[in-house]
Amino acid sequence: MQTIKERLVEVCDTTTTFVSFLRAMVAARMAPLLGDERGEIASWVVVTALVVVAAIAIVGIVVTKLTTTAHNIQTP
């Protein structure tokens, strides 16, 4: 049985991997549309920040649910 800390580390690793994959996929899809990438730093910073905020929110929700579930486990 995993502890909450182990599960949280696993969720963070999975989320980090997912965010990296999502960013790479978006970059690959947007490359033909953007053409010349000079001057596009500001938009990528905004996109990356939004993805990071979403990942933090998802991790927060998962941690809250795990903590709530852990507190509701009845011991004999």
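Derivation of every value follows stated rules applied to the coordinates shown; laboratory data play no part. Keep in mind the model is a prediction, meaning the values are calculated, not measured. Quick reminder, even Gly has a Cβ in these numbers, built from the backbone with ideal geometry, and neighbours come from all protein chains shown.
Brief remarks on what is shown
- The mean of 1/r over all pairs of different alpha-carbon atoms in the chain, once inverted, gives a Kirkwood hydrodynamic radius of 14.8 Å.
- Principal-axis tilt of helix 41-72 within the chain, Cα atoms, nearest 10 degrees: 10 degrees
- Here the dipole of the chain is about 200 debye; that uses its Cα centre as origin and unit charges on the Cβ of Lys and Arg (positive) and Asp and Glu (negative).
- With respect to the chain, whose longest principal axis is taken over its alpha-carbon atoms, helix 4-34 is tilted by about 20°.
- On the beta carbon distance between I41 and C12, with R0 = 25 Å, the FRET formula returns roughly 0.40.
- Most to least packed among 44-57, 61-74 [average Cβ atoms within 10 Å]: 44-57, 61-74
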